[in-house]
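Report on the following structure.
The values are calculated or read from the model by the stated rules, or taken from the named source; none is laboratory data. The structure presented is a predicted model; accordingly, all values stated were derived computationally and were not measured. Using ideal geometry, Cβ is built from the backbone for each residue, glycine included, and neighbour counts are taken over all protein chains shown.
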């Protein structure tokens with residue numbers, strides 16, 4: 001059945017309270033063609049659009065964000081058949097996060113529209129102003145994980161389109177500078193020192209820096225090691241810097257030998273070893289019972305788990 005660009009009357013009056021989009025508009029916004037969107041729905045149940053009385057699909061802003069998340073995982077090498085389980089687990093982690101703000105995704109989308117306009121105009125003063133306004137409305141986990149990084153990821157995925165690479169570089173450079181500044185300010189505060197390093201090839205620099213910012217707190221000062229830090233030299237680095245813990249960050253699916261690699265590293269360190277990011281959620285079962293603790297991928301939850309672990313209240 002074809003899906004028309006014009007949306008017919010809705011199946012219930014309650015649906016009129018939320019802005020809904022026809023499939024062609026979703027394809028335009030995400031770069032995913034309608035055939036693929038239908039396949040993700042029918043074969044894998046990854047998205048569940050609303051149907052009108054005449055059977056046409058209508059997608060909410062949350063559905064659009066799900067499409068972008070699916071694209072991001074496919075870009076990282078995850079088979080589409082396995083994405084559903086990852087999204088379900090990520091949603092459960094967010095729901096379980098204590099005191100997590102429940103602002104609607106439509107509100108975040110409004111901010112993203114304004115930010116996208118500033119990026120498209122290469123308007124740094126305007127982007128800086130919006131950045132400050134978003135921070136005045138939400139805590140850092142929401143600012144980055146629900147507003148800024150989804151926009152950054154959208155531009156990254158669409159780099160093949162003319163102009164998108166320049167826009168992504170503009171936003172990426174801007175955000176890296178602002179996050180580095182915040183990290184530097186936080187490191188000046190007293191707190192237990194924790195080292196953060198990326199698993200080689202498992203994330204981009206901004207993702208690593210944001211993880212450092214979200215892990216930081218009044219009692220924890222996070223030092224971020226440079227992207228490309230060799231895994232085999234972390235023992236040497238920790239011997240010199242004497243951190244309270246070493247956190248490895250990964251946004252990629254774990255390899256089959258990762259549990260063995262991490263367990264071997266943990267035994268060679270004089271400090272605890274922890275894993276954070278999307279990769280931590282995917283590797284949690286395989287690391288259960290090992291000396292490596294998983295912090296998950298949700299900003300506020302990661303910070304609390306790290307604090308609990310340093311206090312001796314979180315088991316591996």
**Request:** State the number of residues belonging to the stretch 266-280 that are surrounded by 22 or more Cβ atoms within 10 Å (Cβ to Cβ) and touching a strand residue (DSSP E or B) at 6+ places or on another chain (Cβ under 7 Å).
**Result:** 6
**Asked** Which one of the conditions (1) farther than 14 Å from residue 307 by Cα; (2) in contact with a strand residue (DSSP E or B) (Cβ under 6 Å, 6 or more places away or on another chain); (3) not in a helix (DSSP H, G or I) does residue 193 fail to meet, given that it meets all the rest?
**Response** (1)
**Complete:** The number of residues in the stretch 65-83 that are more than 14 Å from the chain's Cα centre (by Cα), surrounded by fewer than 17 Cβ atoms within 10 Å (Cβ to Cβ), assigned to a helix (DSSP H, G or I) and touching a residue at least 12 places away in the same chain (Cβ under 8 Å) is 2
**Prompt:** So is residue 53 farther than 30 Å from residue 201 by Cα, out of contact with any helix residue (DSSP H, G or I) (no Cβ under 9 Å at 6 or more places or on another chain), touching a residue at least 40 places away in the same chain (Cβ under 8 Å) and not assigned by TED's automatic domain parsing to the domain that holds residue 154 or not?
**Reply:** yes
**Fill in**
Counting only helices (runs of 4 or more DSSP H) entirely within the stretch 197-314, those with at least 3 residues that are out of contact with any helix residue (DSSP H, G or I) (no Cβ under 7 Å at 6 or more places or on another chain), closer than 26 Å to residue 75 by Cβ and not assigned by TED's automatic domain parsing to the domain that holds residue 169 are 205-215, 278-287
**Message:** I'd like to verify a number: residues in the stretch 27-53 that are in a loop (DSSP other than H, G, I, E, B) and surrounded by fewer than 14 Cβ atoms within 10 Å (Cβ to Cβ), how many?
**Reply:** 5
